[in-house]
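Coordinate-derived values only; no laboratory data. This structure is a prediction, so every number in the text was calculated from the model and none was measured. Heads up, the Cβs are rebuilt from the backbone with ideal geometry, glycines too, and the neighbour counts pull from every protein chain shown.
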Amino acid sequence: MIVKPADRTGNVQEYYFSQKLAQIDRMRREGSDVINLGIGSPDQPPSENTISELIEQAQKATTHGYQNYSGIPALRKAFSDWYKKYFHVNLNPDNEILLLMGSKEGIMHISMAFVNHGDEVLVPDPGYPSYSSVTNLVGGIVRKYDLDEKNSWLPDLEAIEQSDLSRVKLMWVNYPNMPTGVKGSMKLFEKLVTFSQKHKILLCNDNPYSFILNKEYFSLLAVDGAKEIALELNSLSKSHNMAGWRIGMVAGHSEYIKNVLKVKSNMDSGMFLAMQMAAVEALNNPESWYESVNSVYIRRRKIVEEIMELLKCRYDKSQVGLFVWGRISEDIPDCESYVEDILMKIHVFITPGFIFGKNGERHIRISLCATEEKLNEAKYRIKSLL
Ligand SMILES: Cc1ncc(COP(=O)(O)O)c(C=O)c1O
């Protein structure tokens, strides 16, 4: 290679799933029928009215130009109404909501907008890997904080306060939590807001899982005074079966949103109007739509729990979200090779917990984004292994 990549690429690795999906593709091309229970990409469709609106709008000659950088007013209003209805949060659609291409994009934009070189960022362990990799990319310093099963996978704020927090600029939280499936609570959010006010840390809740196998919708922004110190990301990827559409949002104080827009408006030029109009339809789905999606996940989760039991994993039945998280048996020496062995021998891919940090090392995560037929087939293959 003649040209050296930028130094920052040395601080990150290719995303684990990017490599793993390439391996699975290779195995499939070579004839293996791999069942992928790794990734949380919903396989059910968006609501019918969402799709018909997309088609109708795409057929118009007038929908194909550049769009407003923050999202069309109708979509910001739909997000605001959705937050009011389900999370009891008032958001001004004019300046407290910014449309994003998924919440993942928001992790980068928020970090670019608020983290200076050398600033510290509190990142959960276990946690979604992008919080750390993006912090590294923007020149911040990752400070992992433990989520421990003994503390119900909640942050121990007193323990975090034992160390010097004077250089911490940003803290990532994610409730309902991925990968542990812990729901969180308003009490937790109140404590987090008090903590971040005290230490002047921008608190960001990444909240894409509220609607999956969960009926209590909590938002960090529902805490009194939260907007002064906090942002929340949300997304249609999981809640509306629209992961490939790349539609999400960040909400919070208009001054924070303005700064995120400064970054984002230099990176893209708005989102296809037909998709935005269709997203308005999705956000207006009746509550019964979420129930019908969840009725499928309830049946799938039962099979995944049976798989967890066959694998002798310990897991909590009250988990919410798109996955089941379980602790592997103590007599398995190493989780990564255990999972690799399962993939190679019976062609079932399960996510090893180490990719979420050291506190995930003895765990696996199984996705509910596969049909009952596939899950039963995976269960059958796992039985053959025992
Ligand atoms: C915790 C968490 N945050 C963000 C994302 C990304 O979601 P989006 O599709 O909205 O970018 C995921 C997706 O797996 C996730 O698990």
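Suppose we keep only residues that are closer than 18 Å to S196 by Cα and more than 16 Å from the ligand (Cβ to nearest atom) within the stretch 117-131. Which one would you say is surrounded by the most Cβ atoms within 10 Å (Cβ to Cβ)?
Narrowing the stretch 117-131 to residues closer than 18 Å to S196 by Cα: 119-124, 131.
Those left that are additionally more than 16 Å from the ligand (Cβ to nearest atom): 119-120.
On the way: D119: 17, E120: 20.
Residue satisfying both the conditions and the ranking: E120.
Please verify whether E291 is without any contact (Cβ under 8 Å) to a residue 40 or more places away in the chain, farther than 25 Å from K191 by Cβ and more than 12 Å from the ligand (Cβ to nearest atom), treating the condition exactly as stated.
Spelling it out, E291 is indeed without any contact (Cβ under 8 Å) to a residue 40 or more places away in the chain, farther than 25 Å from K191 by Cβ and more than 12 Å from the ligand (Cβ to nearest atom).
Looking at the stretch 146-190, which of the residues that are part of a strand (DSSP E or B) and β-branched (V, I, T) is farthest from V115 (Cα to Cα)?
Per the stated criteria, the residue is V173.
Within the stretch 25-55, how many residues are of a type outside the set (D, E), outside any helix (DSSP H, G or I) and either closer than 30 Å to S269 by Cα or under 23 Å from the mean Cα position of the chain (by Cα) (or both)?
12
Condition check ((1) part of a helix (DSSP H, G or I); (2) touching a Ser or Thr at 6+ places or on another chain (Cβ under 7 Å)) across all residues:
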site: K312; (1), (2): no, yes
site: P333; (1), (2): no, no
site: S337; (1), (2): yes, no
site: I342; (1), (2): yes, no
site: R381; (1), (2): yes, no
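Which of the numbered conditions does D94 fail, given that it passes all the others? Conditions: (1) away from the ligand (no atom under 16 Å from the Cβ); (2) assigned to a loop (DSSP other than H, G, I, E, B); (3) buried (at least 19 other Cβ atoms within 10 Å of the Cβ).
(3)
Just for the stretch 132-184: of the residues that are among the small types (G, A, S) and within 16 Å of the ligand (Cβ to nearest atom), which one is surrounded by the fewest Cβ atoms within 10 Å (Cβ to Cβ)? So that I can check it myself, show each step before the final result.
We begin by selecting, within the stretch 132-184, every residue among the small types (G, A, S); these are 132-133, 139-140, 152, 159, 163, 166, 181, 184.
Still in the list and also within 16 Å of the ligand (Cβ to nearest atom): 132-133, 181, 184.
Working: S132: 23, S133: 18, G181: 25, G184: 25.
Going through the qualifying residues, I end up with S133.
Considering only residues of the stretch 239-274 that are within 23 Å of T63 (Cα to Cα) and basic (K, R), which is surrounded by the most Cβ atoms within 10 Å (Cβ to Cβ)?
Restricting to residues being within 23 Å of T63 (Cα to Cα) and basic (K, R), the top hit is K264.
Please pick out the residue among A22, A58 that is of a type in the set (A, V, I, L, M) and under 23 Å from the mean Cα position of the chain (by Cα).
After ruling out the rest, the residue left standing is A22.
Which one of these is of a type in the set (S, T, N, Q), in contact with a Gly (Cβ under 6 Å, 6 or more places away or on another chain) and surrounded by 13 or more Cβ atoms within 10 Å (Cβ to Cβ): S103, S41, S47, S80? Spell out how you get there, then give the answer.
Values: S41 fails: in contact with a Gly (Cβ under 6 Å, 6 or more places away or on another chain); S47 fails: in contact with a Gly (Cβ under 6 Å, 6 or more places away or on another chain); S80 fails: in contact with a Gly (Cβ under 6 Å, 6 or more places away or on another chain).
When all the criteria are applied, what remains is S103.
Looking at the stretch 25-59, which of its residues are more than 16 Å from the ligand (Cβ to nearest atom) and closer than 21 Å to W325 by Cβ?
Correct list: I35 only.
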